[in-house]
Amino acid sequence: MSEAVLNVEDLALSYPGGVQALRGVSLQVRPGEVLGIAGESGCGKSTLASAMISLLSSGAEITGGAVYLRGENLMALSERDRRRLRGREIAMVFQDPLTAFNPVLRIGEQLVDFQVNAEGSSREKRRRAAAMLSKVGLEPDLALSRFPHELSGGMRQRAAIAAALLMRPAVLIADEPTTALDVTMEAQIIHLLRELQAEVGCAIVIVTHHLGVIAELCDRVAVMYAGEVVEVAPVDDLYHDPLHPYTRALLSCDPSALVEHTGHLPTIGGRLPDLADPPPGCAFAPRCPLASESCATPPPRVRPAPAREVLCHKVAP
Amino acid sequence: MLRYAARRICLALVILLTVMIAMYAMVFLIPGDPASLALGPRATPELKALLVQRMGLDQPILTQIWLFLRNAAMGDLGYDVWSQRPVLELILEFFPKTLVLGITTLLWALVLGILLGAAAVVWRGTLTDRLLGLLSVSFISIPSFVIAIYLILVFAVWLRWLPAIGAGNPGDPLSQIRALVLPAFALGIGWVGYLARLVRASLLEVMGETYIRTARAFGLSERRVVFRYALRVAIIPTIALLAVGLGSILSSAVFVEAVFSRPGIGTLMTGAVSNRNYPVVMGCVLFMTAFYLFVVTAADLLIARLDPRVRDAFRR
C-alpha cells in the first residue's frame, strides 16, 4: 500500500450529551484516489468529514485517536498551525452551495481571501481564481464580479469547487456536494470532479448517501454505520460482492437497483442504535437478518482480501 | 437602485405630508384661542383681530392647512409669536447643537455597543458574556434623565470635573467638548446596552452560517472571520436600528437638554409648548419629522448599498 496522504487512526468523537458520533474510525486516503464514504443519515459520515479537516462544530470533542495529514497529527497541532494547512493541503466543499459563500462579498473577493495560505500578491491570486473559475466552466470575469445570490445553484457549486482547488490541495473533502442539486446538475458536477481530479491529482474524499455518485466517481468505498466503518472495499468489489450485511441491505435499498416494478420501496427495518449508549456488540445486530448470539460481542475486523475490510462476525477471513 | 431610491423618497414625502396635516389638526383642536393666549388678557380687540389675520386663523381649517403646507414648502415656517423672528431661523440656530449631541451620542454608543456585543460573542457562554448581558439590560432600563441627574451630582457637583449646565463658551472648542461629555453619556448609555444586545444576537446567528465554516475551512484567521465575514452581515440590522435610534435619541434629548439646561431644539420646543408659542412648536415638530424621515430613508438606501440581496429584491 502506498503511503497514505490522510490517515485517520482509531478516531473517537462525541457530541454534548455523550453522543458517540465516531467510535474508533480508521481510514486511509491514498494520494490521488477517490474515496467514497457512504451510509445513512446520522451514521457519522459528515462528522468524519469535518474531523478530517479538523473543523468541528462547537461542543464536539475528540475523545481518542488521531488524524494524520501527510504525517502531521492534526489533533496535536495548535489552531494556528492547523489554519496554515487549510486550503493548501486540504480543502472542503460543502453540501449547500447557497450558503457556502458570504452573501455580501463578491465571489472574486472571497476567492482571493481564501488563498490566505498561498503566496503571491492579491492580483496574482485574482488571476489564479479566474483561471480556476474557467476550469470549472464559469465565465471568469463575470463570476468574479458577481455576488453569490446572482449565480444559480449549479454555478455556485462549481465556484465552490474552484475555491477548494485554488491551491491544488493534496486532499479535497466533499461533503454531500450534489445533494442540494437536481439530477442533471449532479451529473455535471460529478463529471467535473472527475476531470479536475485527473488534472490536479488530488485525493478526493466524497461523503454521500447517493450510491450512484459513488459508483460513478470512486475508487474505494467506506461504508459507515453508527459511527463505525463497517466495510471498506474497492468500488467494483463492493457493488458485486458486498460482504457486510449492512452494505447488502444498503445496496438493495438503492431505487436504481430495482429490477421489477414494486408498490413500495425497500427499506431496512428498525433504526440506528442510540449513540449515547451504544450496544457493546455489533451495532447492526438488531437489524441484521444473520444476527446470532455471538453478535453481542464486539465484531472482529476481518480482511477477506488484501484491499478489503469488514467488521462482522459472519464473514469468513 | 435609482428606482428603489425614488420609491423610498416618495414614501418619505407622503409620511411627511400626513404628519403635517395630523399635527395641524391637533393644534387646531386644542381648546383656547392662540391669538388671545399670545397677546394676554389685556389685548384690544383690534390688536387681536390683526394677529388673527396675520396668523391666518380667520380662514377655514383646510385653507389654513394648505397655506401652512405651501409656506413650509417654500421654507417659511411662520414667526415666533414673542420675538417676531422667523421660526426657521430659530430652528437653524438651535438644531445644530442638538444634532452635535445626537451624533456624538450615537457614535460613542455605536463603537462601545459593537465592541461589547462582539466581546460577548467571542467569550460566549462565559461569565464575561453573562456580566455583559446583565450590564446591557441595566443600561437599557435606566431612563436617561435619571442618569443625567446622577452624573451632574457626581461629576459636576462632587468631583467638579465637568460643567453641569450649558453648552460651553462660543468659540472655545475645549469647553464645548467638556460640556458635551455628560449629556452625551446620559443620552447614549441606554443605546450601548441595546446595541450590545443586538450585535451579540445577530453576530451569534451569523457565526452559525455555512459561509463562516467555509472561511474557516480555508484557514482565515478568527479575527478576519469575525470582522470581515461575520460582522459585515451582522451589522446590517444594526444600521436599520440606528436610524430609528437617532430619532429616539433626538426625542430623549429633550429631557437631557432640560436637565443640563443645554440650548438645543429640545429646550426650544419645551419652552414653546409652555408658552403656547404655536408657530415654533409646529415648526420644530415639522423640522424634526422631516429630519427623522431623511435619516431613515438614508439608512434604507445605505442598507441597500451594503446588502446586495436587498438591492436586487427591489430592482425586480
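The values are calculated or read from the model by the stated rules, or taken from the named source; none is laboratory data. Everything numeric in this text was worked out from a predicted model, so none of it was measured. With ideal geometry, Cβ positions are generated from the backbone for all residues, glycine too; neighbour counts draw on all protein chains shown. Keep in mind that these areas ignore ligands, DNA and RNA; they rest on the heavy atoms of the full protein, side chains included. Shrake-Rupley method; radii C 1.70, N 1.55, O 1.52, S 1.80 Å.
Looking at B:LEU69, is it under 29 Å from B:ALA298 (Cβ atoms), modelled with pLDDT of 80 or more and not assigned by TED's automatic domain parsing to the domain that holds B:PHE291?
Yes; evaluated as a whole, the condition is true for this residue.
Quick test for you: out of A:VAL315, A:VAL310, pick the one residue that is surrounded by 11 or more Cβ atoms within 10 Å (Cβ to Cβ) and under 23 Å from the mean Cα position of the chain (by Cα). So that I can check it myself, show each step before the final result.
Working: A:VAL315 fails: under 23 Å from the mean Cα position of the chain (by Cα).
Only one candidate qualifies: A:VAL310.
Look through B:LEU88, B:LEU101 and report the one residue that is assigned by TED's automatic domain parsing to the domain that holds B:ALA184, in contact with an Asp or Glu (Cβ under 8 Å, 6 or more places away or on another chain) and among the hydrophobic types (A, V, I, L, M, F, W, C).
Of the residues listed, the single one that is assigned by TED's automatic domain parsing to the domain that holds B:ALA184, in contact with an Asp or Glu (Cβ under 8 Å, 6 or more places away or on another chain) and among the hydrophobic types (A, V, I, L, M, F, W, C) is B:LEU101.
Which numbered condition trips up B:LEU182, out of (1) among the hydrophobic types (A, V, I, L, M, F, W, C); (2) under 30 Å from B:SER252 (Cβ atoms); (3) within 13 Å of chain A (Cβ to nearest Cβ)?
Every condition holds for B:LEU182 apart from (3).
Considering only residues that are part of a loop (DSSP other than H, G, I, E, B), within 26 Å of A:GLY18 (Cβ to Cβ) and not hydrophobic (A, V, I, L, M, F, W, C), which ones fall in the range A:229-280?
A:GLY270, A:ARG271, A:PRO273, A:ASP274, A:ASP277, A:PRO278, A:PRO279, A:PRO280
Just to be sure before I move on: is A:LEU48 open to solvent by less than 10 Å² (accessible area, probe 1.4 Å), in contact (Cβ under 8 Å) with a residue 24 or more places away in the chain, more than 10 Å from chain B (Cβ to nearest Cβ) and under 16 Å from the mean Cα position of the chain (by Cα) in the structure I sent?
Details: open to solvent by less than 10 Å² (accessible area, probe 1.4 Å): yes; in contact (Cβ under 8 Å) with a residue 24 or more places away in the chain: yes; more than 10 Å from chain B (Cβ to nearest Cβ): yes; under 16 Å from the mean Cα position of the chain (by Cα): yes.
It is true that A:LEU48 is open to solvent by less than 10 Å² (accessible area, probe 1.4 Å), in contact (Cβ under 8 Å) with a residue 24 or more places away in the chain, more than 10 Å from chain B (Cβ to nearest Cβ) and under 16 Å from the mean Cα position of the chain (by Cα).
Quick one: which of B:GLU46, B:GLU93, B:GLU89 is among the acidic types (Asp, Glu), more than 25 Å from B:SER251 (Cα to Cα) and either at pLDDT 80 or above or assigned to a helix (DSSP H, G or I) (or both)?
The match here is B:GLU46.
Are any residues in the range A:66-94 over 19 Å from A:LEU133 (Cα atoms), within 10 Å of chain B (Cβ to nearest Cβ) and assigned to a loop (DSSP other than H, G, I, E, B), and if so, which ones?
Passing the criteria: only A:GLU89.
With the requirement that a residue be on the phi < 0 side of the Ramachandran plot and in contact with a helix residue (DSSP H, G or I) (Cβ under 6 Å, 6 or more places away or on another chain), what does the range B:156-179 give you?
Passing the criteria: B:TRP161, B:LEU162, B:PRO163, B:ALA164, B:ALA167, B:ASN169.
Can you find even one residue in the range A:281-302 that is open to solvent by 70 Å² or more (accessible area, probe 1.4 Å) and under 25 Å from the mean Cα position of the chain (by Cα)?
yes
Considering only residues that are open to solvent by 40 Å² or more (accessible area, probe 1.4 Å) and under 29 Å from B:GLY102 (Cα atoms), look in the range B:205-246 and name the one that is nearest to the other protein chains (Cβ to nearest Cβ).
B:ARG232
Any idea which residue in the range B:22-73 is most open to solvent (accessible area, probe 1.4 Å), counting only those that are of a type in the set (Val, Ile, Thr) and under 15 Å from B:TYR278 (Cα atoms)?
Checked the range B:22-73; the qualifying residue most open to solvent (accessible area, probe 1.4 Å) is B:ILE30.
If you go through the range A:127-148, how many residues are of a type in the set (Asp, Glu) and either outside any helix (DSSP H, G or I) or buried (at least 20 other Cβ atoms within 10 Å of the Cβ) (or both)?
Total satisfying the criteria: 1.
Just checking, does the range B:294-303 include any residue being open to solvent by 60 Å² or more (accessible area, probe 1.4 Å) and modelled with pLDDT under 80?
Going through the range B:294-303, the residues open to solvent by 60 Å² or more (accessible area, probe 1.4 Å) turn out to be B:294, B:302.
Going one step further and asking which of them are modelled with pLDDT under 80, we end up with none.
Checked against the condition, which is being open to solvent by 60 Å² or more (accessible area, probe 1.4 Å) and modelled with pLDDT under 80, the range B:294-303 yields no hits at all.
Tell me which residues, restricted to the range A:159-186, are open to solvent by less than 10 Å² (accessible area, probe 1.4 Å) and free of Cβ contacts under 8 Å to residues at least 40 places away in the same chain.
A:THR178
When you go through A:THR99, A:THR63 one by one, which is the residue that is β-branched (Val, Ile, Thr), within 10 Å of another protein chain (Cβ to nearest Cβ) and open to solvent by 10 Å² or more (accessible area, probe 1.4 Å)?
That would be A:THR99, the only listed residue that is β-branched (Val, Ile, Thr), within 10 Å of another protein chain (Cβ to nearest Cβ) and open to solvent by 10 Å² or more (accessible area, probe 1.4 Å).
Say whether the condition of being at pLDDT 90 or above and under 24 Å from B:PRO263 (Cα atoms) is met by at least one residue in the range B:108-121.
Yes, the conditions are met somewhere in the range B:108-121.
May I ask you to verify whether A:GLY154 is open to solvent by less than 10 Å² (accessible area, probe 1.4 Å), over 30 Å from A:ALA276 (Cα atoms) and at pLDDT below 90?
When the stated conditions are applied, A:GLY154 passes them.
Matching residues to (1) at pLDDT 90 or above; (2) closer than 25 Å to A:PRO242 by Cβ; (3) open to solvent by less than 10 Å² (accessible area, probe 1.4 Å); (4) assigned to a helix (DSSP H, G or I):
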position	(1), (2), (3), (4)
A:HIS191	no, no, no, yes
A:ARG194	no, yes, no, yes
A:GLU199	no, no, no, yes
A:ILE204	yes, yes, yes, no
A:HIS209	no, yes, no, no
A:VAL213	no, yes, yes, yes
A:GLU216	no, yes, no, yes
A:VAL221	yes, yes, yes, no
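Let me confirm something: among B:SER251, B:SER261, which residue is on the phi > 0 side of the Ramachandran plot and either assigned by TED's automatic domain parsing to the domain that holds B:VAL100 or touching a residue at least 40 places away in the same chain (Cβ under 8 Å) (or both)?
On the way: B:SER251 fails: on the phi > 0 side of the Ramachandran plot.
Answer to the selection: B:SER261.
Please count how many residues of the range A:116-140 are at pLDDT 90 or above and within 8 Å of chain B (Cβ to nearest Cβ).
Of the residues in the range A:116-140, 0 are at pLDDT 90 or above and within 8 Å of chain B (Cβ to nearest Cβ).
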